[in-house]
Structures are given as C-alpha cells and as structure tokens.
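Single-structure report; data block below.
The values are calculated or read from the model by the stated rules, or taken from the named source; none is laboratory data. A quick note: this is a predicted structure, and the numbers were derived from the prediction, not measured. Reconstructed Cβ throughout: ideal geometry from the backbone, glycine too, with neighbour counts over all protein chains shown. Quick note on the areas: whole protein, heavy atoms, side chains included, nothing else; ligands and nucleic acids left out. Shrake-Rupley method; radii C 1.70, N 1.55, O 1.52, S 1.80 Å.
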Amino acid sequence: MEKLQKRNIFVLGYDERHAPDLLQISDADRFDFHPLLRSDEVVYQHNYVIDKKLDKARRILRSFSGSVDAIVCHWDFPATSMTAVLCEEWGLPSPSLHAVLKCSHKYWSRIEQQKIVPENTPAFCALNPFDESAVASVTLDYPFWIKPIKGYGSMLGFRINGPRDLERALKIVRQKIRRIGDPFNTLLMRVDLPPEVAGIDGNCMIAEELIHGLEIAPEGSVQRGRFHAHGMVDMVRDHNHKSFLRYEYPSQAPHAIQQRALEVAEKVLLQIGFDNGCFNMEFFWDKATDKLWIIEINPRISQSHCYQFEKVDGMSNHEIAVHVALGDQPHFQHGKGPYKHAAKFLRRYYSQEDGVVIRVPLDEELDQLKTLQPDTDVRVKVNKGQYLSSLVDQDAYSYVLAEIEVAGQTDHEMLTKYHQAEGLLSFEIRAVEGSRKE
C-alpha cells in the first residue's frame, strides 16, 4: 500500500509549550508541523520590525524543499496580519489582510459593526493622545473607557471618570503607545483605508461608553462564506471588574444569549468580508437590560482556550485552525474529553505600583501540585529578582504572575482545585516605593 504523503503546516509564532496542542487534533499523524519564526521572535516584542520578520519568514518558506500546504498562527499582533500577508503571497486559504485589519483596528471595526448591528455597538469616538485638545475632543459623557486602536490583553486600557483621569491616562499612553502603534501603521499602509478611518492610525485611542455584564466569547470559523462556531467561553473578571480571572469552558450563559451572540458574530464577520479563517469575538450581556454588546473581534483562535477544549472535548481548537488553513473540513467533536469543565486562571498581583519578585514557587511545590492534580498545568510568568515593570503587555491595574490551567467534573470541583493550587504556589512581591506602573 502506498504511503500517504504528509502535508506541511507552517506555524507562525511556534513555541514548545503550545506545540503539543497541535498533536491533539484528530489526524495529526497526517501532517508535519514546521516552525515559521518562533514565538520569541514575533510575540511580546519590545520592538516590532515587521518587514524584516516577513523577509525572514519568506526565506524559510522559499528554502523549504517540500510543499507549503498551510500557514497557521494562534497569536495576536503581529502574527495574524503577517499570516494574511504570507498566505496571499503563497496562494493559501486565509482571510485577506484587509479583513484582518478591519477586525484588529478597533475604530474601523466599530464602524463596520455600527453599519450592520448598531443595537449591539456601544457609543464610541476616536481620540488622538498627542493632540493638545485631546481631552476636549471626546464626545462621550463620563465615565467611559479608553484603549488603543490596536492592543491586546487590556494593555493601555483605562476607565476614565473625569478630565483628570483622562489627562493622567494620556500621559502614560503617550509614553507607550508607539511600541505597537508604529508597526501597526506599517501594516495599515498596505491597504486602502476608507475616508472615515483614514488619519486614525495605530497611535490613536478609541473612547467607548462603559458596558458591562457577563462576558462571553464565541470561537469559530468562516470557511468559503459559511459561518461555524465550535465553542463558547466565559471570560470571568476578578474583583476589580477590570482584570481577567479566568477563561472558562463551556460557557454557563443562557443558551438563548449564546445563540444571539452567534447570530451577531455571523452578521459582523460577513459584513467585514472575513473568510477562510478562525475568530473569537468577545461580548458583554447585561442581564438587567438584556442588552448584548460587542467588545472586540480577534481574527484567530485563542491559545488561551486550547487546554479547555482538550480537557472537555478531547481535542485542541487547532483542529479547526489547521483544517480551515488547508481548505479542508474540520472534524471537531464535542464532549469527548475526560472532564466537563476547564479553565485557564490568571494568578495576579494587584497594584499600579512597581514591585520586585522576592519569591516564586519552588520546584517541590510544583511537584506536589502535579502529584495532587496530574492534569493541572502551571506556567510561572515571573522570575525571582525580576521587576514587575519589566513585564510587557500587562493591564493597567495588575500584573500576571502565573497561568494555572485546571479541569474538573463540575464547576465546583474545578474551582476547588484552583484554590488548592493557589494555596500551594507561593509568591512574594516587595513594593518599590515611588515607582509607578508607567
């Protein structure tokens, strides 16, 4: 019998931690997965030089002796945009760069949302932090929220209660926004912007009316114009109502609300022209008013959801990403995993001040946890002696010390296991007097 030739999948932003997730897809033995730049080359960079990274990726692809059958990524900026550029050049299935940027440019995305689902789009306006009259230019009533035109992980996001808050926030924004704003602008130069978006670049902010409620995130794909969702995740915020505590699957939201979110997501993605790619879209459902609000669109699967799908459904969400990138039909099945509930928890240190890490969990503590909870995964994000201000892409109100992924047969069991893990893994932070998180 003739041996089936494996297809070659290139992973933009490859890393050893998430490589096993690719092998959780149902037919992983049919593929060879190849790094196309590693995560430390394209993710969480202090300086993004996108054209140089693209050139390096092109050299890797051109020098490969076999067929290039697909390019996938599961990271945000700039990986999703780079993937769109490379797929177009190699003639591979992918959303266009134009569609990816419509999702990623928060103001442009709101314009498109407002056209098709105005009832699900919060009030918004653009804000140039370098404009001397920036404070007076905002057309929304206080309080409101501001965030960069391009950002992720709640970076440079601030609740604004009055003009003084806005002045303080803009001072921080002016110091930090160009790290992503400038390279994002190099991508915007590759497409024709509509008149209502032209001039609102990556170094601008968007101000939005405050929205709140239960936060849910459908994840899915659009393939040859057909919309499909493979899961719904609850994005649970911590006691400060600003920072994420966990990403929990499956969602506990009422079925009717989940269905409404899917209907809105489909309308918006088709309006944008998003096709042959994966997405996750975040919503708030305000139970008191029954309003459903779009928060943002991410044109990719989320690596923060991989563990949950594996433990509950028995396969990674890379099943979808790989087959959509190949132009094939995915074979995702639900409920085939060993647990009913799973979540990624973010262990945080709450402060707007800087601090230095005095203690991190010992190997013996991590080993003890692994003995007690074999399926719990921990990734410590800080090192002893590290200043918290050296961490990149944190929100404005806290620092992530560790990611703890936990599964259980019930929601209660899952939460109990997390609290046990939290108690076993000890961190100590010493505040650094007089140094702010700026």
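Since only Phe244, Asn203, Phe227 are under comparison, the one whose Cα sits farthest along the positive direction of the charge dipole of the stretch 166-300, derived from C-beta charges on Lys, Arg, Asp and Glu, is Asn203. In plain terms, the chain from Asn47 to Met189 could stretch by 49.3 nm, reckoned as 0.36 nm per residue minus the Cα-Cα distance. Build a GNM of the chain with springs between Cα atoms under 10 Å apart, and of Ile297, Ile149, Ile257 the one that fluctuates most is Ile257. Our summary gives the chain a relative contact order of 15 percent, counting only alpha carbon pairs under 8 angstrom and 6 or more residues apart. Between the stretch 122-142 and the stretch 366-438, the C-alpha centres lie 36 angstrom from each other.
With the biggest extent put first, the Cα atoms of the stretch 313-438 measure 56, 36, 24 Å across the principal axes. Between Arg7 and Lys381, the simple label model (points 7 Å from Cα in the Cβ direction) yields a spacing of 3.4 nm.
Counting only Cα atoms, the size of the chain along its three principal axes is 74, 55, 46 Å, in decreasing order.
Within the stretch 341-438, which trypsin sites (Lys or Arg not before Pro) sit in a loop by DSSP and count at most 13 neighbouring Cβ atoms inside 10 Å?
Values: sites: Lys344, Arg347, Arg348, Arg359, Lys370, Arg379, Lys381, Lys384, Lys417, Arg430, Arg436, Lys437; in loops: Lys381, Lys384, Lys437.
The qualifying sites are Lys384.
Pairs from the table (Lys150/Lys176; Lys176/Lys384; Lys115/Lys147; Lys147/Lys287; Lys147/Lys176; Lys52/Lys381) lying more than 19 angstrom apart at Cα are Lys176/Lys384; Lys115/Lys147; Lys147/Lys287; Lys52/Lys381. For the stretch 83-161, the list of chymotrypsin sites (Phe, Trp or Tyr not before Pro) that fall in a loop by DSSP and count at most 12 other C-beta atoms within 10 angstrom reads Phe130. The fraction of Cα-Cα pairs per 10 angstrom bin, counted from 0 for the stretch 113-204, comes to 15, 45, 35, 5 percent, rounded to whole percents.
About the centre of its Cα atoms, the stretch 201-243 shows a dipole size close to 260 debye [charges on the beta carbon of Lys, Arg (+1) and Asp, Glu (-1) only; nearest 20 debye].
Leaving out ligands, DNA and RNA, what percent of the accessible area of the stretch 192-289 is carbon and sulfur, probe 1.4 Å? Heavy-atom surface of the stretch 192-289 belonging to carbon and sulfur, 1.4 Å probe: 52 percent. Normalised Debye scattering of the stretch 65-130 at q = 0.15, 0.17, 0.29 Å⁻¹ gives log10 I(q)/I(0) of -0.62, -0.72, -1.18, counting only Cα atoms as equal scatterers and leaving out solvent. Placing pseudo-labels 7 Å out from each Cα toward the beta carbon at Arg62 and Glu433 gives an inter-label distance of 5.9 nm.
Projected onto planes of every orientation and averaged, the convex hull of the alpha-carbon atoms in the stretch 176-323 covers 10.8 nm². If I stretch the segment between Glu364 and Gln252 completely, what's the gain in nm (0.36 nm per residue apart, minus their alpha carbon distance), one decimal? That pair, Glu364 and Gln252, stretches by 36.8 nm at full extension. Heavy-atom accessible surface of the chain, averaged per residue, reaches 43 Å², computed with a 1.4 Å probe.
Once you've got the GNM for the chain with C-alpha springs shorter than 10 Å, pick whichever of Val380, Val42, Val236 has the biggest mean-square fluctuation. Judging by the Gaussian network model, the answer is Val380.
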